[in-house]
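Engineer: Take a look at this one; I'll ask things after.
The values are calculated or read from the model by the stated rules, or taken from the named source; none is laboratory data. Here the structure is a predicted model, which means the values were calculated and not measured. FYI the Cβ positions are ideal-geometry reconstructions off the backbone, even for glycines, and counts take in every protein chain you see. Note: accessible area is taken over every heavy atom of the protein model, side chains too, but ligands, DNA and RNA are not part of it. Shrake-Rupley method; radii C 1.70, N 1.55, O 1.52, S 1.80 Å.
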Amino acid sequence: MKRFLFLLAALLVMATAKAQIYDGITQPTTYRLLLPVTQSLDGGNPSVAPFIGYKYQPAKWFSVTPVVQYNINNEAFIPQVWLNFNVNQKFYILSRSIYNARTNLYSHTLSATMKLPLGFMIDGTWDNLYNGRRFAETDRLQFVAGYAHKWFVINAGYSMRNYRGFIANIRFKVTEYNWLQLKYDGGANAITAQVVLQFN
């Protein structure tokens with residue numbers, strides 16, 4: 001019952017705060033290729049898990065994106081399905097269903113974004129809402145505020161529940177659809193550099 005109440009409360013918070021996902025919830029093109037490299041600040045080998053997604057958009061307010069991801073470090077194949085809903089191209093909700101073929105576990109992540117005037121935005125992600133065994137266990141809530149201006153986007157915020165800490169990222173647009181991004185995750189004590197390529 002406590003988990004259900006927490007789940008309900010968090011969903012209400014995300015709905016009223018009109019939060020977002022800070023990796024770019026919108027995909028303006030048919031294909032997206034993302035190449036992330038994550039390095040723990042505690043040392044060790046970097047983690048590399050590229051993915052490619054194909055967007056099918058039957059309506060202006062809804063799209064489906066099958067995603068194929070592969071974690072090179074632990075040789076895990078991770079197929080996903082992303083459902084993206086939007087209201088007037090300003091408020092977005094992204095539902096991500098994720099299956100790890102190596103661990104044989106299904107998980108779920110929920111994200112949302114609200115675009116505000118003058119280039120500002122509010123973002124939120126509920127990572128591991130369902131972890132393959134239970135709801136709201138080993139989950140992580142992240143809220144950030146951001147600002148976009150011409151060729152760069154900057155976000156900063158805080159992560160709660162698991163891996164608590166300050167989080168921030170900066171994105172540089174190389175072209176209209178392609179960008180470089182650098183993230184700092186104080187909760188996981190890691191830095192992620194990634195290249196995003198989007199094309200039709």
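Engineer: If r is the Cβ-Cβ distance from residue 31 to residue 154 and R0 is 22 Å, what FRET efficiency results, to the nearest 0.05?
Structural biologist: That pair, residue 31 with residue 154, gives E of 0.25.
Engineer: May I ask for the Kirkwood hydrodynamic radius of region 125-189, worked out over all distinct Cα pairs and given in angstroms to one decimal?
Structural biologist: In region 125-189 this quantity evaluates to 13.0 Å.
Engineer: What nm value, rounded to one decimal, do you get for the distance between residue 193 and residue 105 when each label is placed 7 Å out toward the C-beta?
Structural biologist: About 3.0 nm, to one decimal.
Engineer: Still on this model: Among rounded, prolate and oblate, which fits region 58-165 when a ≥ b ≥ c are the square roots of the eigenvalues of its C-alpha gyration tensor, a/c under 1.5 means rounded, and a/b larger than b/c means prolate?
Structural biologist: prolate
Engineer: At what distance in angstrom do the alpha carbon centres of region 110-141 and region 57-80 lie from each other?
Structural biologist: Here the two parts' Cα centres lie 17 Å apart.
Engineer: Tell me the relative contact order for region 80-200 as a rounded percent, counting alpha carbon contacts under 8 Å between residues six or more apart.
Structural biologist: 13 percent
Engineer: Something else: Helix-only mean residue ellipticity at 222 nm, the chain, DSSP H runs n ≥ 4 weighted -39,500 (n - 2.57), per residue, nearest 500. What is it?
Structural biologist: -2500 deg cm²/dmol
Engineer: Rolling a 1.4 Å sphere over the protein heavy atoms, what is the accessible area per residue of the chain, to the nearest Å²?
Structural biologist: Spelled out: the 1.4 Å probe surface of the chain, per residue, equals 55 Å².
Engineer: Once a ≥ b ≥ c are taken as the square roots of the eigenvalues of the Cα gyration tensor of the chain, is the result rounded (a/c under 1.5), prolate (a/b larger than b/c) or oblate (a/b not larger than b/c)?
Structural biologist: rounded
Engineer: Now a separate question. Using a 10 angstrom cutoff on alpha carbons, build the Gaussian network for the chain and name the most mobile of 59, 145, 168.
Structural biologist: Result for the chain, Cα springs under 10 Å: 59 fluctuates most.
Engineer: Suppose we flag trypsin sites (Lys or Arg not before Pro) only when DSSP calls them loop and at most 16 other Cβ atoms lie within 10 Å. Which is the longest uninterrupted stretch of the chain?
Structural biologist: That would be 1-59.
Engineer: Something else now. In the chain, what percent of the accessible surface is made up of carbon and sulfur (1.4 Å probe, ligands and nucleic acids excluded)?
Structural biologist: About 64 percent, which is the carbon plus sulfur part of the accessible surface.
Engineer: Looking at the chain as a GNM with Cα springs under 10 Å, which of 178, 84, 155 has the largest mean-square fluctuation?
Structural biologist: 178
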